[in-house]
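These notes are about the structure you will find just below.
The values are calculated or read from the model by the stated rules, or taken from the named source; none is laboratory data. The structure displayed is predicted, hence computed values, not measured ones. All Cβ positions, glycine included, derive from the backbone under ideal geometry; neighbour counts span all protein chains shown.
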There are 2 protein chains.
Amino acid sequence: MNATSEICSACKRREVFFHRPCSGQRLCKKCFVESIEAKVRATIAKYDMLSFNERVAVAVSGGKDSVSLLHILAKMERARSKASFTAVTVDEGINDYRGEALEIAAAECRKLCVPHHVVSFKRLFGFTLDDIVKRKRQIGDCKLTACAYCGILRRRALNVAAREVGADKIATAHTLDDEAQTILMNIFRGDLGRLAKEKPVTDEVHPKLVRKIKPFCEIPEKESALYAYLKKVKFQASPCPYASEALRNDFRSMLNRMEEKHSGTMFTVFNSLERLRPALKEVGENRHFEECVECGEPSSGGLCKVCELLKQVR
Amino acid sequence: MNATSEICSACKRREVFFHRPCSGQRLCKKCFVESIEAKVRATIAKYDMLSFNERVAVAVSGGKDSVSLLHILAKMERARSKASFTAVTVDEGINDYRGEALEIAAAECRKLCVPHHVVSFKRLFGFTLDDIVKRKRQIGDCKLTACAYCGILRRRALNVAAREVGADKIATAHTLDDEAQTILMNIFRGDLGRLAKEKPVTDEVHPKLVRKIKPFCEIPEKESALYAYLKKVKFQASPCPYASEALRNDFRSMLNRMEEKHSGTMFTVFNSLERLRPALKEVGENRHFEECVECGEPSSGGLCKVCELLKQVR
């Protein structure tokens, strides 16, 4: 540390590593890491995400956000948190991609002494994502993108995996960036039902649908990446070969540009929606869930989306 | 018209001039003009903008949107509309700019046989906008942009002008683009109070505050421009020398890009908010208006913003 270097605004001892523009904090590496962990604990408390003795399935894809989340939750458990955690990973069956992520997830779980449960599309649905995309292309059905199929099946797989490990909640690593993007996408699509539904803790709508919590919903993606880097967390950096969410990418770059110009933008968008939340309740349609006539899983009516999709593929 | 040219989907006779992507309509010039006029009448009816025998002050800046609006409203009056219209123009006192617009506004009013009333910043406040910007720069006060001062004073001037002509309502030519931009800006700023307030017909909050209506709120700016072009409406095309609303420009270009990719985007954003409207009422703070201790005009408390601003300038 040389004489001109700036000193951390928290510990007043170590050299500044990170500047958080919206709060004005200038933190050293250690205080930055602690600030992220404290923020996650505060978010969990603020939204009342966990109850005493709850079992939580942590959705770990192997990417930086989910592995960082696992690290923080495992640390909380070691410090006698009120909940216990199991990592769950969905193997969609994507050649030359998912294998590496699975290995990383498994290795991180061993290191953290967290039980790890894997569910595969192949076991649950009889097809890998690669199979489905190939079949869809063969029959010339290109209505939806691979991401759209994958989204439907992965949501189901995660829910089944959570039930298999006896979880009361599923924790996902959606960041503040993801949340702000989703909010804008739903406004731009005019999908107020989804706008109401996507929140830090989902409602209990059906006994077979495990509730979701998002402990990273107030953590910017940039800070989650920095946390992973500082904690030397191993994660898969290569993007999914099917990734092409054009619309989300538009919102991502737009929000990033705005955030650069006016720091705090993403949090303001997120917060605007939180303040609208009580009102949204009344606007959003009351979602009613039955059980799918074919598989018995929760469905908004008749045949569930998963069975509908699989029927087309078969 | 040659053999290969396409035929208007409305009249089935004339050649197509305009394609409206979100509705699929392909219209000839005449049917396009009629579609805009019909849409404005429909918007006025949908939001219950006008009552029997009401006097309306039409805010005419001399730009394409406001002159087009005046044309359509004047035509409605000739066809025995239930309301009567007077044009009002605010002369902010901007050298080498406002003069041309004033002449255009006056000429169009004469042509349409609509009474025209002009109020100037100079007469109402003792200063032109040029004076104020100069004074502000002299005293080194650059907190707000010229647009911010102008916005405060123009709103007041318009309200005074409307009362001077005995108007029950003020019609402004805000387009669908303006509305969608404003919605996003308020979400990005977290200003839910404004989000609730800005609507096609403003609420009655104080007897001295003339209610506003926006008959163009569902007309895309592009179509308003095309209408002006086809009706050979004269308007001022040069932008205001002070114009620099950086934030709004960001939203404008973002929305334009989205609209190009997904036609109907702006309308969806506008409509999302309209559907949220009933719920927003409860979230928005209850605005309470008193009278300014100095000028007696409506104010949210003590000294109004106009008097505050003028005090700094004096």
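Is there a residue in segment A:198-215 that is assigned to a helix (DSSP H, G or I) and closer than 30 Å to residue B:256 by Cβ? No, that holds for no residue.
Taking the numbered list (1) under 19 Å from residue A:308 (Cα atoms); (2) in a helix (DSSP H, G or I) in turn, residue A:101 passes all entries but (1). Does residue A:171 satisfy the condition of being within 30 Å of residue A:27 (Cα to Cα), within 14 Å of chain B (Cβ to nearest Cβ) and not basic (Lys, Arg)? Considered against the rule, which asks whether it is within 30 Å of residue A:27 (Cα to Cα), within 14 Å of chain B (Cβ to nearest Cβ) and not basic (Lys, Arg), residue A:171 comes out as no.
Does at least one position in segment A:163-175 carry a residue that is part of a helix (DSSP H, G or I) and either at pLDDT 90 or above or among the hydroxyl-bearing types (Ser, Thr, Tyr) (or both)? Yes, that holds for at least one residue. Looking across segment A:216-234, the residues that are part of a helix (DSSP H, G or I) and surrounded by 14 or more Cβ atoms within 10 Å (Cβ to Cβ) come down to A:221, A:222, A:223, A:224, A:225, A:226, A:227, A:228, A:230.
Is segment B:147-157 home to any residue that is charged (D, E, K, R), in a helix (DSSP H, G or I) and free of Cβ contacts under 8 Å to residues at least 40 places away in the same chain? Yes: one or more hits.
Within the option set A:145, A:86, being more than 17 Å from the chain's Cα centre (by Cα) and hydroxyl-bearing (Ser, Thr, Tyr) holds for one residue only, A:145. For residue B:267, all conditions in the list (1) closer than 25 Å to residue B:33 by Cα; (2) within 14 Å of chain A (Cβ to nearest Cβ); (3) at pLDDT below 90 hold save one; what is the number of the exception? Against the list (1) closer than 25 Å to residue B:33 by Cα; (2) within 14 Å of chain A (Cβ to nearest Cβ); (3) at pLDDT below 90, residue B:267 comes up short only on (3). Checked against (1) modelled with pLDDT of 95 or more; (2) touching a Phe, Trp or Tyr at 6+ places or on another chain (Cβ under 6 Å), residue B:206 meets all criteria but (1). With the structure loaded, tell me whether residue B:140 is without any contact (Cβ under 8 Å) to a residue 12 or more places away in the chain and closer than 25 Å to residue B:232 by Cβ or whether it fails that test. No.
The test for being of a type outside the set (Val, Ile, Thr), surrounded by fewer than 17 Cβ atoms within 10 Å (Cβ to Cβ), in a loop (DSSP other than H, G, I, E, B) and touching a Cys at 6+ places or on another chain (Cβ under 9 Å) does not hold for residue B:237. Counting only residues that are crowded, with 18+ Cβ neighbours inside 10 Å and not aromatic (Phe, Trp, Tyr), segment B:131-153 holds 6 of them. Considering segment A:293-308, and only residues there that are touching a helix residue (DSSP H, G or I) at 6+ places or on another chain (Cβ under 6 Å) and not acidic (Asp, Glu), the residue that is nearest to residue B:195 (Cα to Cα) turns out to be A:305. Kindly indicate the residue of segment B:272-304 that is part of a helix (DSSP H, G or I) and touching an Asp or Glu at 6+ places or on another chain (Cβ under 9 Å) and also modelled with the lowest pLDDT among those meeting that condition. Per the stated criteria, the residue is B:282. Evaluating residue B:229 against the criteria (1) within 30 Å of residue A:277 (Cα to Cα); (2) more than 14 Å from every other protein chain (Cβ to nearest Cβ); (3) free of Cβ contacts under 8 Å to residues at least 24 places away in the same chain; (4) hydroxyl-bearing (Ser, Thr, Tyr) leaves one unmet condition, (1).
One residue stands out in segment A:108-145 among those that are in contact with a Ser or Thr (Cβ under 8 Å, 6 or more places away or on another chain) and part of a helix (DSSP H, G or I): the one that is nearest to residue A:62 (Cα to Cα), namely A:121.
Kindly indicate whether residue B:237 is within 25 Å of residue B:267 (Cα to Cα) and in contact (Cβ under 8 Å) with a residue 24 or more places away in the chain. The answer is no for residue B:237.
One residue stands out in segment A:248-262 among those that are among the hydrophobic types (A, V, I, L, M, F, W, C) and at the interface with chain B (Cβ under 8 Å from one of its Cβ atoms): the one that is nearest to residue A:189 (Cα to Cα), namely A:254. The lone criterion from (1) within 14 Å of chain B (Cβ to nearest Cβ); (2) buried (at least 18 other Cβ atoms within 10 Å of the Cβ) left unmet by residue A:156 is number (1). For segment A:115-130, the candidate set comprises residues that are surrounded by fewer than 20 Cβ atoms within 10 Å (Cβ to Cβ) and free of Cβ contacts under 8 Å to residues at least 60 places away in the same chain; within that set, the residue that is nearest to the chain's Cα centre (by Cα) is A:118. Among the residues making up segment B:176-210, those that are of a type in the set (Val, Ile, Thr) and within 14 Å of chain A (Cβ to nearest Cβ) are B:182, B:183, B:187. For residue A:265, state whether it is of a type in the set (Ser, Thr, Tyr), buried (at least 16 other Cβ atoms within 10 Å of the Cβ) and either within 26 Å of residue A:297 (Cα to Cα) or not assigned by TED's automatic domain parsing to the domain that holds residue A:145 (or both). The answer is no for residue A:265.
Apart from one condition, residue B:239 fits all of (1) at the interface with chain A (Cβ under 10 Å from one of its Cβ atoms); (2) over 21 Å from residue B:43 (Cα atoms); the exception is (1). Consider segment A:84-106 and keep the residues that are among the polar types (S, T, N, Q) and modelled with pLDDT under 95. The one that is farthest from residue A:173 (Cα to Cα) is A:95.
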